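S.K.: This structure is in C-alpha cells; I'll ask about it shortly.
The values are calculated or read from the model by the stated rules, or taken from the named source; none is laboratory data. This structure is a prediction, so every number in the text was calculated from the model and none was measured. When we count neighbours, we look across all protein chains shown, and the Cβ atoms used for this are built from the backbone with ideal geometry, even at glycine.
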Amino acid sequence: MSRVVSRIAWGVFLLMLAGCGFQLRGEASVPESLKTLYIQGINTQQDTLGLQLKRALVRNGITVVDDYQEGAAIFTVLENRYDRRVLSVASNATVREYELDAWVTFKVTDDKGNELSDVQRVEASRDYQFDRNQILAMDEQERVLREDLNKQMVQSILRRLSAIK
C-alpha cells in the first residue's frame, strides 16, 4: 500500500515540476556568426573571469581561438572591474558589512569589423558580513563571492550573446 502511495506522490511531484516550466539549463543558442570567437581585452588563460568565460563558451559549442583567425567574430572586453565598499558600520566605527560589485563592459563585432552588438554592461553584486576577528576566513569568503560574481556575469554574457541576431 505504501509503495502505491509513494509512486503516486512521485508522479504528482514530477507533473508539478514539469507543469511549472522547469528545465535544466541547456546550451545557449548563438547565431552561426558567433560559432568561432576570438576574445580580446582579457586573459583567458589566467584571469578567473576570462577562464570561466572561455570554458562556458566551449561548453556551449563555441570555438574560442587563442589567436585571431579569418572569419572569427571578436568579443572585446572594454572594462572588467571589481569594487568593494562599506555597506554598514557598527556603533564603535568598525565595518560590519561590505558590498562587492563587479561589472564587465563588452562589445561583439564580426570578422569584418561590423558591430553585432552595442557596447553592453553586465553587473553583479553581493554583500557579506565582516568579522575582523576572522580575517583569514573573510578573505576566503570574499574570494568565493568573487567567483560567484564571475559565474553570474558569465551566464549573463551567454544570454546576451544568444540574443544577438
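S.K.: How about the range 99-130: which of its residues are free of Cβ contacts under 8 Å to residues at least 40 places away in the same chain and touching a Leu at 6+ places or on another chain (Cβ under 7 Å)?
M.R.: Within the range 99-130, 99, 105, 107, 109, 124, 125, 126, 128 qualify.
S.K.: Could you list all residues from the range 131-165 that are among the hydrophobic types (A, V, I, L, M, F, W, C), assigned to a loop (DSSP other than H, G, I, E, B) and either closer than 15 Å to residue 53 by Cβ or free of Cβ contacts under 8 Å to residues at least 40 places away in the same chain (or both)?
M.R.: Within the range 131-165, 163 is the sole residue that qualifies.
S.K.: Yes or no: the range 113-130 includes at least one residue that is of a type outside the set (Gly, Ala, Ser) and in a helix (DSSP H, G or I).
M.R.: No, because not a single residue in the range 113-130 is of a type outside the set (Gly, Ala, Ser) and in a helix (DSSP H, G or I).
S.K.: Identify all residues within the range 102-133 that are at pLDDT 95 or above and acidic (Asp, Glu); write none if there are none.
M.R.: Within the range 102-133, just 123 meets the criteria.
S.K.: Kindly indicate whether residue 8 is at pLDDT 80 or above, within 30 Å of residue 107 (Cβ to Cβ) and either in a helix (DSSP H, G or I) or not aromatic (Phe, Trp, Tyr) (or both).
M.R.: no
S.K.: Residue pairs, Cβ under 7 Å, 6 or more apart or interchain, first in the range 53-82 and outside any strand (DSSP E or B), second of a type in the set (Gly, Ala, Ser). List them.
M.R.: 60/28
S.K.: Shifting gears a bit: Considering each residue of the range 44-58, count those that are crowded, with 16+ Cβ neighbours inside 10 Å and among the basic types (Lys, Arg), and give that number.
M.R.: Of the residues in that region, 1 qualify.
S.K.: Is it the case that residue 107 is surrounded by 12 or more Cβ atoms within 10 Å (Cβ to Cβ) and either assigned to a helix (DSSP H, G or I) or not hydroxyl-bearing (Ser, Thr, Tyr) (or both)?
M.R.: Judged against the criteria, residue 107 is a match.
S.K.: Continuing with this model, one more query. Would you check if residue 84 is more than 22 Å from residue 37 (Cα to Cα), in contact with a helix residue (DSSP H, G or I) (Cβ under 8 Å, 6 or more places away or on another chain) and either modelled with pLDDT under 95 or crowded, with 16+ Cβ neighbours inside 10 Å (or both)?
M.R.: Against the criterion (more than 22 Å from residue 37 (Cα to Cα), in contact with a helix residue (DSSP H, G or I) (Cβ under 8 Å, 6 or more places away or on another chain) and either modelled with pLDDT under 95 or crowded, with 16+ Cβ neighbours inside 10 Å (or both)), residue 84 qualifies.
S.K.: Looking at residue 78, is it out of contact with any His (no Cβ under 7 Å at 6 or more places or on another chain), within 30 Å of residue 145 (Cα to Cα) and at pLDDT 95 or above?
M.R.: The answer is yes for residue 78.
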